[in-house]
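Visitor: Submitted below is the structure of interest, expressed as structure tokens.
The values are calculated or read from the model by the stated rules, or taken from the named source; none is laboratory data. Note that the structure is a prediction, hence the values are computed from the model and not measured. Virtual Cβ from ideal backbone geometry, glycine too; neighbours counted across all protein chains shown.
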Amino acid sequence: MRILVTGSAGHLGEALMRTLQNSHHDAVGLDIKRSAFTHRVGSVADRGFVKQCMRGVAAVVHAATLHKPHVSTHARQDFVDTNITGTLNLLEEAVSAGIRALVFTSTTSAFGSALTPPEGEPAAWITEEVACLPRNIYGTSKLAAEHLCEMFHYKSGLPCIVLRTSRFFPEPDDDRAVRSAYDDDNAKINEFLHRRVDIEDVVAAHLLAIEKAPVLGFDRFIISATSPFGVADLHDLRSDTPSVVRRYAPCYAGEYARRGWSMVPRIDRVYVNDRARAHLGWQPQYDFKFLIERLSRSEDYRSPLARLVGAKGYHAESFAEGPYPIE
């Protein structure tokens with residue numbers, strides 16, 4: 001099957017291309033940047049270019065996007081052009097070309113304000129049914145693109161799967177307080193409890209979505225590492241996260257002590273991947289317990305694919321106050 005991968009020079013795009021090139025599929029990479037994994041250089045906002053790239057394609061993985069790190073460096077119109085118009089172009093041309101599936105890479109940022117409960121409330125249990133309240137143009141544009149995918153399925157019969165991915169970027173945290181309080185690996189391992197996923201598992205979810213799209217038609221799935229927590233833990237997570245983690249992974253404390261690491265005192269949301277595991281047959285490997293086991297053997301907690309792709313950054317320039325400017 002010929003699969004068009006947009007955003008092939010980015011983190012996920014490269015990971016998808018590396019994986020697809022070692023499979024029986026024929027992968028075509030599209031990006032505005034030249035790279036070893038980009039075959040067609042141009043913008044998804046260019047309808048004519050998209051039409052050319054769609055020739056002979058059976059499925060599309062649409063990972064090209066402006067991200068949250070671009071909110072302070074790009075105009076809102078740039079987000080509309082890339083994230084909304086670009087998605088519309090791909091959908092229109094996918095219908096014209098009669099492709100069998102389109103997988104759209106969205107983000108848990110679409111949930112926005114729903115991710116942070118008021119003080120005194122339990123941590124939020126984030127499933128696909130939670131209403132989205134985007135906080136910036138990034139989340140707003142991704143949610144609008146999701147709605148376009150849904151509309152095209154119901155109007156044109158195009159099989160579309162939306163994957164709301166949690167954090168998988170390797171760059172340092174954008175929050176100065178987090179960077180000051182935690183070693184970078186410490187901060188990322190903590191997040192695997194509730195809001196992070198390894199890129200190898202993200203790629204696996206996308207490939208399953210291509211396979212399942214013709215049967216599912218349209219659906220949305222949260223793609224995040226399997227959390228050990230349940231609804232009954234939400235109150236304690238908001239007040240004393242370490243005590244909850246000790247119940248599920250008591251061995252973590254010794255490994256953290258050995259490394260001089262610390263657990264976050266409180267968690268405000270938990271991403272729930274139950275539907276992706278049930279409906280896609282997704283089986284993410286890299287969860288908190290698995291990573292602690294790897295650390296205890298002095299192994300790299302990252303997947304081989306994550307190590308191959310590495311860190312790319314989101315801007316050509318560097319910034320003194322963090323990995324990128326905060327809105």
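Visitor: Spot the failing condition for GLN52; the list is (1) free of Cβ contacts under 8 Å to residues at least 24 places away in the same chain; (2) outside any loop (DSSP other than H, G, I, E, B); (3) under 23 Å from the mean Cα position of the chain (by Cα); (4) more than 23 Å from ALA205 (Cα to Cα), and only one is missed.
Guide: (3)
Visitor: Shifting gears a bit: Among the residues of segment 285-308, is there at least one that is touching a His at 6+ places or on another chain (Cβ under 6 Å) and of a type in the set (Ser, Thr, Tyr)? Outline the logic, then answer.
Guide: Start the filter on segment 285-308 by keeping residues that are touching a His at 6+ places or on another chain (Cβ under 6 Å), which leaves none.
So far as segment 285-308 goes, no, none of its residues is touching a His at 6+ places or on another chain (Cβ under 6 Å) and of a type in the set (Ser, Thr, Tyr).
Visitor: Can you work out which of the residues in segment 108-157 that are out of contact with any Lys or Arg (no Cβ under 9 Å at 6 or more places or on another chain) and among the aliphatic types (A, V, I, L, M) is surrounded by the fewest Cβ atoms within 10 Å (Cβ to Cβ)?
Guide: Per the criteria, the residue is ALA131.
Visitor: Can you pull out the residues in segment 97-106 that are in contact with a helix residue (DSSP H, G or I) (Cβ under 8 Å, 6 or more places away or on another chain) and either surrounded by fewer than 22 Cβ atoms within 10 Å (Cβ to Cβ) or charged (D, E, K, R) (or both)? Even if it seems obvious, please write down each step before you answer.
Guide: From segment 97-106, those in contact with a helix residue (DSSP H, G or I) (Cβ under 8 Å, 6 or more places away or on another chain) are 100-106; that's our starting set.
Result: ARG100, single match.
Visitor: Just to be sure I understand the filter: pairs with C-beta atoms under 6 Å, separated by 6 or more residues or on different chains, first member in segment 89-101 and closer than 13 Å to GLY157 by Cβ, second member crowded, with 20+ Cβ neighbours inside 10 Å and of a type in the set (Phe, Trp, Tyr). Which pairs pass?
Guide: LEU91/PHE152
Visitor: Sticking with this structure for a sec: Look at segment 66-115 and say how many of its residues are modelled with pLDDT of 95 or more and part of a loop (DSSP other than H, G, I, E, B).
Guide: Residues that pass the stated criteria total 3.
Visitor: For segment 254-287: of the residues being buried (at least 16 other Cβ atoms within 10 Å of the Cβ) and aliphatic (A, V, I, L, M), which is farthest from LEU193 (Cα to Cα)?
Guide: Step one: list which residues in segment 254-287 are buried (at least 16 other Cβ atoms within 10 Å of the Cβ), which gives 255-256, 261, 263-264, 267-273, 275-276, 279-280, 282, 284, 286-287.
Retained after the next criterion (residues that are aliphatic (A, V, I, L, M)): 263-264, 267, 270, 272, 276, 280.
Working: MET263: 10, VAL264: 10, ILE267: 9, VAL270: 8, VAL272: 11, ALA276: 17, LEU280: 21 Å.
Out of the qualifying residues, it is LEU280.
Visitor: Please indicate, with yes or no, whether at least one residue in segment 142-151 is touching a Gly at 6+ places or on another chain (Cβ under 9 Å) and assigned to a loop (DSSP other than H, G, I, E, B). Talk me through it step by step, then tell me what you get.
Guide: Just the residues of segment 142-151 that are touching a Gly at 6+ places or on another chain (Cβ under 9 Å), to begin with: 143, 145.
Then keep just the ones that are assigned to a loop (DSSP other than H, G, I, E, B); that gives none.
Checked segment 142-151: no residue is touching a Gly at 6+ places or on another chain (Cβ under 9 Å) and assigned to a loop (DSSP other than H, G, I, E, B).
Visitor: Still on this structure, please answer the following. All but one of (1) in contact (Cβ under 8 Å) with a residue 24 or more places away in the chain; (2) in contact with a strand residue (DSSP E or B) (Cβ under 8 Å, 6 or more places away or on another chain); (3) not aromatic (Phe, Trp, Tyr) hold for CYS132; which doesn't?
Guide: (1)
Visitor: Kindly indicate whether any position in segment 125-135 is at pLDDT below 95 and not in a loop (DSSP other than H, G, I, E, B).
Guide: Looking through segment 125-135, none of the residues is at pLDDT below 95 and not in a loop (DSSP other than H, G, I, E, B).
Visitor: Please note which helices (runs of 4 or more DSSP H) are completely contained in segment 230-277 and include at least 2 residues that are of a type in the set (Ser, Thr, Tyr). Give the steps one after another, and end with the answer.
Guide: Details: elements: 234-239, 241-248, 252-259.
Where helices (runs of 4 or more DSSP H) fall fully within segment 230-277 and carry at least 2 residues being of a type in the set (Ser, Thr, Tyr), they are 241-248, 252-259.
Visitor: Which residues, counting only those in segment 183-229, are closer than 24 Å to ILE161 by Cβ, more than 15 Å from the chain's Cα centre (by Cα), assigned to a helix (DSSP H, G or I) and acidic (Asp, Glu)?
Guide: GLU211
Visitor: Please work out which one of (1) crowded, with 19+ Cβ neighbours inside 10 Å; (2) touching a residue at least 40 places away in the same chain (Cβ under 8 Å); (3) hydrophobic (A, V, I, L, M, F, W, C) is the condition VAL244 fails and give its number.
Guide: Against the list (1) crowded, with 19+ Cβ neighbours inside 10 Å; (2) touching a residue at least 40 places away in the same chain (Cβ under 8 Å); (3) hydrophobic (A, V, I, L, M, F, W, C), VAL244 comes up short only on (2).
Visitor: If you don't mind, another one. Taking the stated definitions as given, is VAL61 at pLDDT 95 or above, β-branched (Val, Ile, Thr) and in contact with a helix residue (DSSP H, G or I) (Cβ under 6 Å, 6 or more places away or on another chain)?
Guide: On the way: at pLDDT 95 or above: yes; β-branched (Val, Ile, Thr): yes; in contact with a helix residue (DSSP H, G or I) (Cβ under 6 Å, 6 or more places away or on another chain): yes.
Yes; evaluated as a whole, the condition is true for this residue.
Visitor: I'm checking my understanding of the structure. Among residues of segment 288-311 that are more than 17 Å from ASP184 (Cα to Cα) and under 22 Å from the mean Cα position of the chain (by Cα), which one is surrounded by the most Cβ atoms within 10 Å (Cβ to Cβ)?
Guide: Checking each candidate, the answer is VAL309.
Visitor: Another one. May I ask you to say which residue of ASP198, ASP173, ASP184 is within 17 Å of MET263 (Cβ to Cβ), touching a Pro at 6+ places or on another chain (Cβ under 9 Å), of a type outside the set (A, V, I, L, M) and crowded, with 18+ Cβ neighbours inside 10 Å? Steps first, answer last, please.
Guide: On the way: ASP198 fails: within 17 Å of MET263 (Cβ to Cβ); ASP184 fails: crowded, with 18+ Cβ neighbours inside 10 Å.
Result: ASP173 is the single residue among ASP198, ASP173, ASP184 that is within 17 Å of MET263 (Cβ to Cβ), touching a Pro at 6+ places or on another chain (Cβ under 9 Å), of a type outside the set (A, V, I, L, M) and crowded, with 18+ Cβ neighbours inside 10 Å.
Visitor: Here's something else I'd like to know. Please state which of the following conditions LEU163 fails to meet, knowing it meets all the rest: (1) surrounded by 24 or more Cβ atoms within 10 Å (Cβ to Cβ); (2) part of a helix (DSSP H, G or I).
Guide: (2)
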